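What follows is one structure encoded as structure tokens, with my remarks underneath.
The values are calculated or read from the model by the stated rules, or taken from the named source; none is laboratory data. Predicted model, so just to flag it, every value in this text is computed and none were measured. Virtual Cβ from ideal backbone geometry, glycine too; neighbours counted across all protein chains shown. Side chains included, ligands, DNA and RNA excluded: accessible areas come from the protein's heavy atoms. Shrake-Rupley method; radii C 1.70, N 1.55, O 1.52, S 1.80 Å.
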Amino acid sequence: MTQYATLTIDGKELQLPVIEGSEGEKAIDIRSLRQETGFITFDPGFGSTGSCQSAITFMDGEKGILRYRGIPIEQLAEQSTFVETAYLLIAGKLPTREELTRTSVLLNDFSLLHEDMKYFYQNYPSKAHPMGILSAMVNAMRSFYPELIDLDEDLNNTFLRLISKVRTMAAMAYKISRGHKTVYPRPDYSYCANFLHMMFDNPVIPYEMDNDMVRALNVFWILHADHEQNCSTAAVRVVASGKVNVYAAISAGISALWGPLHGGANQAVIQMLEQIQKEGLTIPQVLAKAKDKNDPFRLMGFGHRVYKTYDPRAKIMKKMCDLVLGKQRCRDELLKIAMELEDAALSDRYFQEKNLYPNVDFYSGIVLRAMGIPTNMFTVMFAIGRLPGWLAQWKEDSLDPLRRISRPRQIYTGETLNDYVPMRDRF
Ligand code: ACO
């Protein structure tokens, strides 16, 4: 039986239906509100607004739960691969052995880039941020690879092409930025191994593939693969709602991810830890800065809009630090600072009262550094991982019968009717 919420405005009573999700989350359906009352809702940052119904990812911020298609993130990180997880997110089910093999073969077939695309890179200034380059390159793909999307297919070729080529583009951007020869993918390598090969192999020092590094990269990308209606995913859905092509929508997602409050936080965390080390700041000094309302400094990698407890991805990422640092037989002083900072913040009243815990980005930079990934590529790594999530959300959005163009309202606070003043009369 449908439950209703009653709203009384200007003496008028309105019955608004309540929608309930499969995990018991409830929402008040306000679609008729403006038409019935003339009122709109006001929710900057959308903290209390559900923009869609989605069957892809479930998060419980209070309990620290994250599941893709119902499967706990811990199980996927332990047992799955990034390619299999991408399939799960987009197709809505785990692949059979044949489906997974076919996916891997196609990812391999699509991994080369049109040679003309190389000229894009060559004309960028050498200091250009790779996120800006990646966003432009993905947008440009429309001209090179027209969309052929069959939404009935579990995982269509346009999606596979994007997932495959984004990895080649990222590695190519890195090689060109260093003035090195680009390395082509190898058909005998898996998706993650091929990325490491394209990044680090060179004619004089061949890259020795290490299964633990490949595993760590799989886990890193699985942890980033989707996170329901976050800033970049919402950007993909909003841009897609105007019926633009999929490349343009994904390019918008990459741009949204770039910001330091979102995906750019992994780079910002390392820069913060380096600053602490370089300036010899003590942990209490850092916490005092983060708590000072007159100081724009925030503890990067801490806090989350949804998680009010430890981000489950951060727990797994912390374990990955031990694996990759152990493998490289190195001690990273930044990890020591990060762990001290975490301990101090978790026992500090300010952070406790505001439920600020480490998020996925707090330890991810340390994992990436240990893999040899340069700091300015960190957010690109996040983008490659998030791509299957964006595609899954794009597909779901395209098939949603309730889909309309995204067009929020506003409360206007500017001048009321105001006459035009000719130039000669302006003071
Ligand atoms: N350091 C210090 N104080 C913080 C932090 C932080 N990292 N995060 C939140 N706060 C404080 C705010 O100052 C605010 O205090 P107030 O109520 O006294 O004004 C309160 O906690 C609530 O913060 P909001 O910014 O309102 O929370 P919101 O949900 O809008 O923002 C966000 C979440 C952007 C993640 C925020 O916690 C932040 O800036 N964190 C640092 C950046 C970061 O790590 N981003 C990665 C997020 S995960 C991801 O996108 C992959």
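Cα centroids of segment 301-335 and segment 234-248: 32 Å apart. Rounded to the nearest 20 debye, the dipole size of segment 59-402 about its Cα centre is 660 debye, using +1 on the Cβ of Lys and Arg and -1 on the Cβ of Asp and Glu.
Just the projected area, averaged over all directions, of the convex hull on the alpha carbon atoms of segment 166-213: how many nm²?
Mean shadow area of the hull around the Cα atoms is 3.3 nm².
With contacts taken as Cα pairs under 8 Å at a separation of at least 6 residues, segment 4-50 carries a relative contact order of 23 percent. Between the C-alpha center of segment 199-226 and that of segment 40-104 there is a gap of 23 Å.
Here is the list for segment 7-47: GluC sites (Glu not before Pro) lying in DSSP coil, each with at most 16 other C-beta atoms within 10 angstrom of its C-beta, are 23, 25.
What does the highest-first list of 153-161, 100-108, 391-399 look like by mean Cβ count within 10 Å?
Values: 153-161: 20.0, 100-108: 16.8, 391-399: 21.8.
With the highest mean Cβ count within 10 Å placed first, the list reads 391-399, 153-161, 100-108.
Across segment 1-119, the mean sequence separation of Cα contacts (distance under 8 Å, 6 or more residues apart), normalised by length, yields a relative contact order of 10 percent. At 1.4 Å probe size, with the rest of the protein present, what percent of the exposed accessible area of the chain is carbon and sulfur atoms? Of all accessible area on the chain, carbon and sulfur atoms account for 51 percent.
Each peptide in 75-82, 251-258, 164-171, 41-48 was scored by the mean count of other Cβ atoms within 10 Å over its residues; highest first, the order is 251-258, 164-171, 75-82, 41-48. Rg and Dmax, both from the Cα atoms of the chain and both in Å, are 23.5, 80. Packing-based ranking of 110-118, 351-359 yields 351-359, 110-118, ordered from highest to lowest mean Cβ neighbour count within 10 Å.
Taking K and R as +1 and D and E as -1, what net charge do the other residues with C-beta under 14 Å from the C-beta of residue 138 add up to? Summing Lys/Arg as +1 and Asp/Glu as -1 gives +4. With contacts taken as Cα pairs under 8 Å at a separation of at least 6 residues, the chain carries a relative contact order of 19 percent. With q set to 0.21, 0.33 Å⁻¹, the log10 of I(q)/I(0) for segment 4-50, from the Debye formula over equal scatterers at the Cα positions, is -0.81, -1.24.
Of all complete DSSP H helices in the chain, those with a Cα span along the helix axis of 27 Å or greater and a mean Kyte-Doolittle hydropathy of -1.0 or more are 157-177, 378-399.
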